[in-house]
Amino acid sequence: MNIYISKSSSKEAKKKLHLNECDFYIVDISKIIRDLGYETDKLTTESEFILNYTIRKKIIHGIYTTKCDSMLVCYRNSTPEFVDNLEDFFTELTENVEYTIHHL
């Protein structure tokens, strides 16, 4: 599986890669935050826990239950720590999933 990590919105990232939506499973972190009713600058420890759980659940869903062979993870406000945590999460899954991470 190819994992693409982008600091752009999903719309901008799809344009950069000339993507067809069926080719990629898209995980839009900003949308997840909005859907949960949170604001990025007002996250508490509890809300971060729920957010991390939701993101992991969505990524696992994309890996195991879709026919897509690539995933696009978008988060405009991503930090190096966010990317490191995401890479660590994928590393934890290596016994079941072969992947390559690409940064946009």
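The values are calculated or read from the model by the stated rules, or taken from the named source; none is laboratory data. Everything numeric in this text was worked out from a predicted model, so none of it was measured. Glycine also receives a Cβ, built like all others from the backbone with ideal geometry; neighbour counts cover every protein chain displayed.
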TODO: Could you tell me whether the range 86-97 includes any residue that is of a type outside the set (Asp, Glu), more than 11 Å from the chain's Cα centre (by Cα), at pLDDT below 80 and loosely packed, with under 12 Cβ neighbours inside 10 Å?
DONE: yes
Open item on the list: Of the residues ILE50, ILE33, ILE60, only one is over 14 Å from the mean Cα position of the chain (by Cα), assigned to a helix (DSSP H, G or I) and at pLDDT 85 or above; which?
Closed with: ILE50
Open item on the list: I need the full set of residues from the range 36-47 which are in a helix (DSSP H, G or I) and either of a type in the set (Asp, Glu) or loosely packed, with under 15 Cβ neighbours inside 10 Å (or both), in order please.
Closed with: THR40, ASP41, LYS42, THR45, GLU46
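Residues checked against (1) among the acidic types (Asp, Glu); (2) in contact with a strand residue (DSSP E or B) (Cβ under 8 Å, 6 or more places away or on another chain); (3) in contact (Cβ under 8 Å) with a residue 40 or more places away in the chain:
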{"residue": "VAL27", "(1), (2), (3)": "no, yes, yes"}
{"residue": "GLU39", "(1), (2), (3)": "yes, no, no"}
{"residue": "LYS57", "(1), (2), (3)": "no, no, no"}
{"residue": "SER70", "(1), (2), (3)": "no, yes, yes"}
{"residue": "GLU81", "(1), (2), (3)": "yes, no, no"}
{"residue": "ASP84", "(1), (2), (3)": "yes, no, no"}
{"residue": "PHE90", "(1), (2), (3)": "no, yes, yes"}
Open item on the list: Name the single residue that is modelled with the lowest pLDDT among those in the range 63-77 being within 18 Å of PHE89 (Cα to Cα) and surrounded by 12 or more Cβ atoms within 10 Å (Cβ to Cβ).
Closed with: ILE63
Open item on the list: Name the residue that is modelled with the highest pLDDT, counting only residues in the range 1-30 that are within 18 Å of THR79 (Cβ to Cβ) and assigned to a loop (DSSP other than H, G, I, E, B).
Closed with: LYS7
